[in-house]
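> Sharing a structure with you now.
The values are calculated or read from the model by the stated rules, or taken from the named source; none is laboratory data. On a predicted model such as this, the values are computed, not experimentally measured, just so you know. Please note: Cβ atoms are built from the backbone with ideal geometry, for glycine as well, and neighbour counts cover all protein chains shown. In case anyone asks, the SASA skips ligands and DNA or RNA and just uses the protein heavy atoms, side chains included. Shrake-Rupley method; radii C 1.70, N 1.55, O 1.52, S 1.80 Å.
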Amino acid sequence: MAPTVRSVVDSADESTGRRGLTTPQREALACAVRHGYFEIPRRISLEELAAELGVTHQALSERLRRASDTLAAAELGVDADSSAR
């Protein structure tokens, strides 16, 4: 089976990493997964997760939404910035 290129990332851009996530977004997602935030039912609340990360629940909610938008756009091959808001 021949290899398939799934994504290309510009390594010169230090503000974002894999799939265009910022470091805080990647850390928030990783922490959310580790603590069961995306499980049904959730094992941790947004407020508890925010306290774990040392940010407000509003800041965490925004990070998770932006990260989800970035990942979904990358997976679907659409430009997240051009979507109607």
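> For V55, V78, give the ranking by accessible area with the largest first, probe 1.4 Å.
Numbers: V55 40, V78 85 Å².
Ranking V55, V78 by accessible area, largest first, yields V78, V55.
> Modelled label-to-label distance, E39 and V55, 7 Å Cα→beta-carbon offset: nm?
2.3 nm
> Which GluC sites (Glu not before Pro) in region 25-55 sit in a loop by DSSP (not H, G, I, E or B) and have at most 11 other Cβ atoms within 10 Å of their own Cβ? Each step should come with its number before you reach the end.
Values: sites: E27, E39, E47, E48, E52; in loops: E39.
Of the GluC sites (Glu not before Pro), the ones in loops of region 25-55 whose Cβ has at most 11 other Cβ atoms within 10 Å are E39.
> Evaluate the distance, in nm, between pseudo-label points positioned 7 Å from the Cα of E48 and of D79 along their respective Cα→Cβ axes.
4.2 nm
> So if each residue of separation counts as 0.36 nm, and I subtract the Cα-Cα distance between D69 and A2, what length gain in nm does that give?
Numbers: separation 67, 0.36 × 67 = 24.12 nm, distance 3.00 nm.
Extra length from D69 to A2 when fully extended: 21.1 nm.
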